[in-house]
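Novice: Just passing along the structure, written as structure tokens.
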């Protein structure tokens with residue numbers, strides 16, 4: 001069954017609904033297939049997850065007896081939560097026969113008592129580590145990697161928002177993971193992350209455990225012309241062609257940022273009538289209006305100086321010399337030291353992102369909303 005709307009804003013369906021990324025896909029598939037781990041760095045919502053799922057699709061076509069697993073560790077706060085998520089993602093997935101899976105899990109997981117449930121369709125066990133004590137976390141982690149290593153299947157594991165491990169209170173997590181990962185020949189990893197400076201420090205600084213252990217790849221916005229051809233092909237089938245000028249306005253306004261463009265195209269596809277600038281404007285206004293309450297509550301948690309800085313960046317769209325006297329004076333901000341203090345906090349909380357061109361508002365829809373506010 002095909003999706004009702006071809007402009008997907010979550011998940012992955014098939015290559016027919018995936019735009020371009022041909023070179024990135026080739027690079028990642030080639031690296032993984034030849035035993036190299038990949039570090040994938042890109043801002044949130046640029047299309048990392050879709051690319052990973054697309055790569056997994058290609059790997060299954062390329063190699064039989066392959067297992068592909070994806071885990072997003074952004075919600076995890078401790079090593080224990082990471083171990084539980086890893087167990088839930090991995091255990092039972094490398095064995096096609098349920099009885100064998102159950103036997104192998106109990107063979108390897110000795111440090112705690114796993115709780116088993118079973119998938120109603122496949123019968124494959126699902127594992128929950130309900131009673132994992134802090135003293136058993138490292139032992140259980142080793143047991144999970146031993147389980148992976150013992151499999152006769154080749155496995156590819158994507159760990160999204162990998163920089164989150166640097167926030168765990170436990171010390172030495174990077175070294176601990178590296179000590180296991182480097183000795184599993186049948187498992188290759190994609191370490192994906194959105195905080196560029198943290199990911200670069202993890203993989204490019206000589207004193208870090210993961211230094212030079214992976215092939216690094218950063219992804220940029222999809223080429224505008226390829227994206228236009230992809231989008232217009234679906235509107236053409238509706239009998240409602242999308243003009244290049246309308247798409248150019250949309251692509252430029254949101255800096256080619258995939259998720260935001262997909263959200264708007266998804267809305268427009270669901271409308272009827274000729275696609276013109278008024279329809280594009282209406283779609284954007286509707287989306288922003290739906291999030292206005294959330295944005296208001298979010299900003300209420302910050303001092304006025306922080307919100308003024310956000311408003312200033314939103315107005316400029318991109319700010320390179322954020323400490324310049326001209327910028328500070330233009331928007332009546334406080335001293336450079338105050339701007340730096342606010343900037344550090346807002347970057348950490350992912351409200352501001354430092355792109356190669358300068359500082360931008362992370363949420364492009366929030367930037368549009370900020371432009372209309374008065375502080």
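The values are calculated or read from the model by the stated rules, or taken from the named source; none is laboratory data. Everything numeric in this text was worked out from a predicted model, so none of it was measured. In this analysis, Cβ positions are derived from the backbone assuming ideal geometry, glycine residues included, and neighbour counts consider all displayed protein chains.
Novice: Out of 94, 51, 62, 40, which single residue is farther than 19 Å from residue 258 by Cα and either modelled with pLDDT under 90 or crowded, with 16+ Cβ neighbours inside 10 Å (or both)?
Specialist: 94
Novice: Sort out which residues of segment 268-298 are touching a residue at least 60 places away in the same chain (Cβ under 8 Å) and within 16 Å of residue 238 (Cβ to Cβ), and write them in order of number.
Specialist: 269, 270
Novice: In segment 253-275, is there at least one residue being at pLDDT 95 or above, surrounded by fewer than 13 Cβ atoms within 10 Å (Cβ to Cβ) and in a helix (DSSP H, G or I)?
Specialist: Within segment 253-275, one or more residues are at pLDDT 95 or above, surrounded by fewer than 13 Cβ atoms within 10 Å (Cβ to Cβ) and in a helix (DSSP H, G or I).
Novice: Okay, next question. Being surrounded by fewer than 20 Cβ atoms within 10 Å (Cβ to Cβ), at pLDDT 95 or above, out of contact with any helix residue (DSSP H, G or I) (no Cβ under 9 Å at 6 or more places or on another chain) and under 27 Å from residue 187 (Cβ atoms): is that true of residue 30 here?
Specialist: Yes.
Novice: Touching a helix residue (DSSP H, G or I) at 6+ places or on another chain (Cβ under 9 Å) and closer than 29 Å to residue 130 by Cβ, is that true of residue 68?
Specialist: Here the answer is yes, as residue 68 does meet what is asked.
Novice: Residue under question is residue 249, and the condition is that it be free of Cβ contacts under 8 Å to residues at least 60 places away in the same chain, touching a helix residue (DSSP H, G or I) at 6+ places or on another chain (Cβ under 9 Å) and within 22 Å of residue 224 (Cα to Cα); does it hold?
Specialist: Working: free of Cβ contacts under 8 Å to residues at least 60 places away in the same chain: yes; touching a helix residue (DSSP H, G or I) at 6+ places or on another chain (Cβ under 9 Å): yes; within 22 Å of residue 224 (Cα to Cα): yes.
Yes; evaluated as a whole, the condition is true for this residue.
Novice: Residue check, residue 29 against (1) in a helix (DSSP H, G or I); (2) over 28 Å from residue 242 (Cβ atoms); (3) in contact (Cβ under 8 Å) with a residue 60 or more places away in the chain, all met but one. Which one?
Specialist: (3)
Novice: Among what's in segment 65-91 and is in a loop (DSSP other than H, G, I, E, B) and at pLDDT below 95, pick the residue that is nearest to residue 169 (Cα to Cα).
Specialist: Out of the qualifying residues, it is 91.
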